Structures are given as structure tokens and as C-alpha cells.
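Report on one structure; see the data block that follows.
Values in this text are rule-based calculations from the coordinates and carry no lab data. Everything quoted here is computed from the prediction, not taken from an experiment. Cβ placement follows ideal geometry from the backbone for every residue including glycine, while neighbour counts extend to all protein chains displayed.
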Amino acid sequence: MTTSAAVGATPVMDRLISRTVRKHQPLSVHFDLTYRCNERCVHCYLDHDDHGELSTAECLAVINELAQAGTLFLTFSGGEIFLRPDLYEILAEARRLHFDISLKTNALLVTPERAERLREFGVRRVQISVYSDIPEVHDAITKVPGSLQRTLAAIPLLLEQGLQVKLACPLMRENLLAYRGVMDLAEKIGVPYVLDLTITPMMDGNEGPLAHRIPVSSLLPVMQDPKLHACMPQPTAEAALAMQEYPAAIGSAVSSGIDSEAYEDLPCSAGHNSCYISPYGDVYPCVQLPQAAGNLRRKRFNDIWYHAPQLERLRGVRESQLPVCSRCEIRSYCERCPGLALMEGGDLLGAYERACELAEQKARLAGVTEPISALHKEQVAKLMQATIENDSASVIANSGSH
Ligand code: SF4
Ligand code: SF4
């Protein structure tokens with residue numbers, strides 16, 4: 001897995017990753033408890049209506065099955081998790097089962113009492129979405145007036161409880177110029193951050209959110225920013241510790257950003273030692289890879305994880321065997337995601353435009369002369385072939401007419 005934000009795993013983590021990849025153990029699971037939300041972000045890929053969320057008892061059963069399957073890292077996300085009235089019940093069970101617990105939230109509903117309860121329930125990390133340090137920009141994206149102020153007010157409450165906080169800033173047309181402000185804000189508070197360039201279609205395939213995506217040509221200032229490729233200053237010992245896990249960079253707010261040799265020749269961790277569970281109990285290789293492998297209302301987790309044909313097929317994929325990308329000269333600059341390849345190019349194994357454009361831009365910045373992706377090379381070759389065929393056809397037609 002190559003991401004510019006990836007950090008090397010510690011030796012212990014490396015061994016854990018190697019073992020779980022080898023044995024296909026679900027080390028890390030992302031569980032969305034709801035798609036309902038109290039914000040309406042312009043770029044969001046979710047349908048916020050409740051189409052039959054798992055009940056409390058079903059959620060507890062799911063996390064018990066995950067514990068039996070050997071999951072260690074459990075991330076609860078949404079939608080907005082605090083809209084689940086049974087959140088603490090679920091966290092209590094997760095704590096009893098000794099998971100390493102992370103949360104993703106917009107933090108609008110965090111109060112001093114709730115922050116304290118998160119600590120009591122053993123939550124270790126909280127990732128909070130912040131789109132800008134300018135209220136008008138942030139609130140225009142969330143469509144909730146006053147949301148930035150409320151989100152920022154939550155951060156000290158969580159830090160006071162000893163929780164690790166990380167800011168995640170998805171970058172889109174609306175906040176492209178605000179990224180520096182988010183970086184400065186994070187540094188001032190003393191927490192790590194990630195700028196995420198990924199804007200995906202909606203889960204039902206609706207491409208509306210893509211209108212907010214920044215064209216690669218406009219990303220130059222961000223990609224050239226030297227600050228994004230170095231770890232930020234470490235103002236406190238606690239923050240330094242947090243930053244070992246969360247370096248500051250351009251990356252993905254979805255993936256852990258941890259790189260390991262165990263992933264060598266694999267597209268990523270999805271389906272190997274990580275997966276995603278929707279609020280309706282559907283199991284996917286990743287939140288960004290929309291191929292449901294089974295539903296936990298009908299099958300046990302282990303049956304899906306070890307026997308679903310979708311997951312077995314995914315586990316057989318090797319980067320070195322990808323039809324187009326394996327021949328790509330600028331592959332080392334590419335952050336190809338199999339999920340986006342499926343959503344955007346229609347082929348899990350294929351190349352897709354956005355990844356190629358970003359890789360070419362990065363390679364150019366690194367000094368590669370006229371970088372061209374394998375996909376674009378193929379397209380140019382096809383175009384040339386078509387032109388030659390057209391020319392030959394007109395020559396034949398012309399010669400026949402004399
Ligand atoms: S499918 Fe994409 S987002 Fe998911 S883990 Fe793989 S590379 Fe990351
Ligand atoms: S062809 Fe495109 S998607 Fe594939 S490795 Fe090259 S740059 Fe990445």
C-alpha cells in the first residue's frame with residue numbers, strides 16, 4: 001500500500017500485521033453504527049435515512065463475533081455516532097472485550113460529561129472532521145451554522161480526558177485554500193492532522209459528490225507544500241506520542257496510514273486483515289470498496305470473512321499481476337485504491353483516471369521528465385493505431401476512386 005502519509009509500522013506492529021495478513025485475520029474493523037447525521041456535508045457519500053440499523057443486541061453480537069475472530073482495532077464511525085442512544089452500551093461491551101477503540105465524529109454533541117464517559121469506556125483515539133479554521137467555510141460545507149465553533153469546543157474536552165485527537169480535513173473545491181488554516185489550527189492545539197483528497201461517488205453510485213472534487217491541476221500548491229511531507233513540530237510529549245501514530249501529511253482519512261512489508265504486492269489491507277461493517281450488518285472489504293460479501297443478520301462473521309467468494313477473490317489479487325498497472329513506469333508515485341478503481345473505472349483490477357493524473361503530477365514534481373502512466377500510454381497507443389487505420393483507409397479509398 002503506498003500513501004504519502006504512510007508510516008512504517010513498529011516491529012511489534014509489523015509482526016502483528018504480517019501474521020494477520022498471512023492468516024487472513026481481521027485485525028482491524030471499521031464499524032459504522034449509523035448513517036444518520038446531524039450535519040449535511042456537501043460532499044458526503046451516504047444516504048442519511050435509516051433503512052433498518054442493527055439493534056443494540058445485534059451490534060453487541062457483532063462485536064462479540066469480531067472478538068472471537070481476533071479483531072484488535074475497532075473503529076466506530078457513521079454518520080454521527082452520538083446519534084445512537086445506545087453508543088455507551090456498545091462501547092462498554094467493546095471495552096469488556098478489550099478492543100483498542102477509535103471513534104470518528106463531527107464532535108458537535110461532545111459535552112464534558114460525554115468526553116469523560118468516552119475515557120471511562122476506554123476510547124483511545126477520536127478523529128474529528130474539520131474543513132477549515134474559518135467558520136463561514138466550514139459551516140457552508142456542513143450546512144450547520146455554528147458547527148465549527150461547536151466542533152472546536154469539543155477538542156479540549158477530549159484532550160483533558162487524555163484521549164488522542166486527530167483532525168481530518170477532506171479537501172474539496174470549497175475549502176482548498178483553507179488547508180493551511182487547518183494545519184495551523186492543529187499545530188496550535190498540538191494534535192496531528194490529515195488532509196484527504198479523496199472525494200468518492202455516493203454508495204449507490206450517484207456521482208453528485210464528484211462535483212466538489214479538486215481538479216489535479218489546482219492541487220499543485222498543496223502537493224508542493226513542503227510542510228505536508230514532514231512531521232509537524234511536536235509541542236508536548238503527549239502530542240509527540242500521538243504523532244508517532246498519526247503523522248501530518250496528505251493521506252486518507254479512511255486507512256490507518258500504517259505501511260508494512262507484509263502488504264508488499266497486495267493492493268492494500270482490505271479483505272486481508274481489515275474490513276468494514278455497515279449499520280445494516282453488511283460486510284465489505286473496506287468502506288471504500290462497495291462489494292458486499294454478506295450480511296451479519298443472515299450469516300456469522302467468520303462464515304463471511306473466511307468463505308465469501310468476493311473476499312477470496314480479493315485475496316488472490318497481486319499488484320504485480322494487475323493487467324495495466326503492473327506495467328506502469330510511475331507506479332511508485334501512485335496511490336491506486338482498488339475500491340476507487342471499481343467505483344470510478346468499473347474494474348477492481350484496473351487503472352483509473354484520477355490515480356493516473358495524481359501519479360503523473362507527483363512524478364513531475366519529483367523531477368521525472370514527461371511522466372506518463374500505463375493507462376495513458378495505452379490510450380495514446382490506441383489513438384495512434386486508430387489514426388493510422390483511418391489514414392490507411394482513406395489512402396485506399398482515394399486510390400480506388402482514381
Ligand atoms: S480499498 Fe482503498 S481505501 Fe480501502 S484500504 Fe484499500 S486502498 Fe485503502
Ligand atoms: S496506470 Fe495509473 S492507476 Fe495504474 S499504477 Fe499507473 S498511475 Fe497508478
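Provide the percentage of antiparallel DSSP beta bridges, counting only those with both residues in the chain; round to the nearest 5. Present the calculation step by step, with values, prior to reporting the outcome.
Details: 5 of 38 bridges.
Of the beta bridges lying entirely in the chain, close to 15 percent run antiparallel.
Can you give me the relative contact order of the range 261-324 as a percent, contacts being Cα pairs under 8 Å and 6 or more apart?
After rounding, I find 29 percent.
Counting only other residues whose beta carbon sits under 12 Å from that of H138, what net charge do I get with K and R as +1, D and E as -1?
Summing Lys/Arg as +1 and Asp/Glu as -1 gives -3.
Output the 0 to 90 degree angle, nearest 10, between the alpha-carbon long axis of helix 147-160 and the longest principal axis computed from the alpha carbons of the chain.
The angle comes out near 60 degrees.
What does the C-alpha gyration tensor say about the overall shape of the range 1-95? Classify as rounded when a/c is under 1.5, otherwise prolate if a/b is larger than b/c, or oblate.
Here the range 1-95 falls in the oblate category.
In what sequence, highest mean first, do 283-296, 115-128 appear when ranked by Cβ atoms within 10 angstrom?
Descending mean neighbour count gives 283-296, 115-128.
Picking from I189, I63, I155, which is most flexible by a Gaussian network model of the chain using Cα springs under 10 Å?
Largest GNM mean-square fluctuation: I189.
What does a probe at E89 reach in the range 49-71, counting residues whose amide N is under 15 Å from the point 7 Å along Cα→Cβ?
Output list for this probe position: 53-64.
Measure nothing but the geometry: give the 0 to 90° angle between the long axis through the Cα atoms of 353-365 and the longest principal axis through the Cα atoms of the chain, rounded to 10°.
Relative to the chain, helix 353-365 is tipped by roughly 90 degrees.
Whole-Hz ³J(HN,Hα) for each residue in the range 297-312, computed from phi via Karplus 6.51 cos²θ - 1.76 cosθ + 1.60 with θ = phi - 60°, x for glycine and proline: what do you get?
3J(HN,Hα) across the range 297-312, in whole Hz: 7, 10, 9, 6, 4, 4, 5, 5, 4, 8, 10, 5, x, 4, 6, 4.
Go ahead and set up a Gaussian network model of the chain, Cα springs under 10 Å, then flag whichever of K188, K227, K362 fluctuates most.
Greatest mean-square fluctuation among the candidates belongs to K188.
With angles folded into 0 to 90 degrees, how steeply does helix 87-96 sit against the dominant principal axis of the chain? Use alpha carbons for both and round to 10.
The angle comes out at about 90 degrees.
Straight-line reach from K104: which lysines fall under 24 Å, measuring Cα to Cα and dropping same-chain residues less than 8 apart?
K143, K166, K188
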